[in-house]
1. Would you mind listing how long the stretch A:9-97 runs along its three principal axes, going by Cα atoms, in whole Å with the largest first?
2. Using packing as a proxy for protection, rank B:153-161, A:33-41 so that the peptide with the highest average count of other Cβ atoms within 10 Å comes first.
3. Add +1 for every Lys or Arg and -1 for every Asp or Glu among the other residues with Cβ under 13 Å from the Cβ of residue B:76, and state the total.
4. Give the share of C-alpha pairs in each 20 angstrom bin for the protein assembly as shown, from 0 to the last occupied bin, in whole percents, shortest bins first.
5. Looking at the stretch B:255-362, which GluC sites (Glu not before Pro) are DSSP coil and have at most 16 other C-beta atoms within 10 Å of their C-beta?
6. Could you work out the Kirkwood radius for the stretch B:115-169, taking every pair of different alpha carbons, averaging 1/r and inverting it, reported in Å?
7. Using a 1.4 Å probe, what is the accessible area per residue for the protein assembly as shown, in Å²?
8. Give me the one-decimal nm value for the distance between modelled label points at residue A:55 and residue B:306, 7 Å along each residue's Cα-to-Cβ direction.
Amino acid sequence: MGTTDNGNTIDITVDFSGGLEMLFGNQRRHSVSLPAVDSSGKPTNMTFLIDYLCTHLMKDPRVDLFVLDKHIRPGILVLINDADWELEGEETYELQPRDNILFVSTLHGG
Amino acid sequence: MVVPGMGKYGQLRLINSSVLIIGAGGLGCPAAQYIAGAGIGTIGIMDGDVVEPSNLHRQVAHATSRIGMPKVDSLITHLRFLNPLPTYMAYPFHLTPQNGADIMSRYDLILDCTDNPATRYLISDFCVLLQKPLVSAASVQKSGQLIVLNCPPSPQGVFDRPCAPCYRCCFRKPPPPSADLSCGEAGIMGPVVGMMGVAQAGEAIKILASGLHLPPERRSSDGGSETDTERNLTQPTLLIYSYDLASAVGPYTFRALKMGGRRRNCFACGEGSTLTLEGIRAGEPDYAQFCGALMPPPTAALTPEERITAAAYDEARRKGELPPHVLLDIREREHFSFGGIDGAVNVPFGKLLMNAAKIKRDGGEAEEVLPPEARGNGRDTPIFVSWG
Ligand SMILES: [Zn+2]
């Protein structure tokens, strides 16, 4: 995969916070290159990214700490370029080059 | 505390206002110090716990000499030394669906300094129904979060203008209990939770001094509308603080995240919400069940005969009464680093879970859940497990 936006791939950064980084090799920031379209030819969206993260980036086999029933598990906020993903269409959001996607688990301690 | 924008009228508003701090722990202690220092007229503190030695590294208003005292009394003792002038109200018990409305209704603003999801949803629901602004913070291990909710407050179900969200609007569902960590078991850095508590006080002072807790007609206008993006009220910012032990403060240490406004389908503040004070008092909704606290108790996997105390183990081992065996210490690496029983092999419980999940996913033999050095000489080697 290329490292520039050549039309065939989309390069984005993916961040994990609030303890989720533990599932991804204790690394907070990942550079990710995705195909610009999925296998059916549709533009790559958040559903694709979440599946990609589970199969390619997650080091920890406890997938259910990240995804439950094929959706992000309750208690995780998803931010697209620092805005709640509900403002952007959630799973249907089509990824753009240089997007930053942040997954952060909500905390309850004090 | 005279700074640009904070003059006589701001100070007068603070003197005439009241704040309820729910939770007198790692968030509540630092928050209360600055709330008291700001000269807020009435300060209520609610917490049902007593001071414990393991609290002191982060719960900075308590003291070694007050171990065993209700946290509420210990904190108020400390606050009176800082500032004797405010009226301090002590509530030495936990918030419940039954006691919440009566107490919270007496205050202008609520600080959520608690430590569990069920109480956080309960506090937010009361704030919606009583129309109180809520300054909510949380912290675990090396992360902190802060958000101002319900500010300015507006009645349930109002959508003819942009309204601020409640806790449920932003955090629709709690995590499954297995994914949530409490400070006691997960650990917490004192400065991280302290920073979030201090920030809560800062937000509270700002709201009260500018009268944002009051309905618009009782607030002196300073120009600008509530929907100004700079004021962030109806689409608040979630501040997250990530503390990295391995690096200096960096560009992502603090992040400001834009949240949505009030949600039409919110259970508490949305259209057609059925949430009422009477309902909450009567047990509807069931907060413990919503947050999974009513999970069936784990079945005991070991019989009493299969258990051994550390002292009995030590004695049996010294007398040579034990067969060749493996001693497994399943505490986290950091705990083990302080010391363990001679000869113990450290395989943290989290690592065991990961190995088990990997075998389930990729296949493999059950004994591969243990690394080779912890398997002894085959399947029949007894294993003693130490977790205390
Ligand atoms: Zn709501």
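1. 32, 25, 24
2. Ranked from most to least packed, the peptides come out as B:153-161, A:33-41.
3. +1
4. 20, 49, 26, 4, 0
5. Working: sites: B:271, B:278, B:305, B:306, B:315, B:321, B:332, B:334; in loops: B:271, B:321, B:332.
Answer by residue number: B:271, B:321, B:332.
6. 11.9 Å
7. Numbers: 24660 Å² over 498 residues.
On a per-residue basis, 50 Å².
8. Each label point is offset 7 Å from its Cα along the Cβ direction, giving 3.9 nm.
The values are calculated or read from the model by the stated rules, or taken from the named source; none is laboratory data. Because the structure is a prediction, the values reported are computed rather than measured. For neighbour counting, all protein chains shown are included, and Cβ atoms are generated from backbone atoms with ideal geometry for every residue, glycine included. Remember, those area values only see protein heavy atoms, side chains included, never the ligands or the DNA or RNA. Shrake-Rupley method; radii C 1.70, N 1.55, O 1.52, S 1.80 Å.
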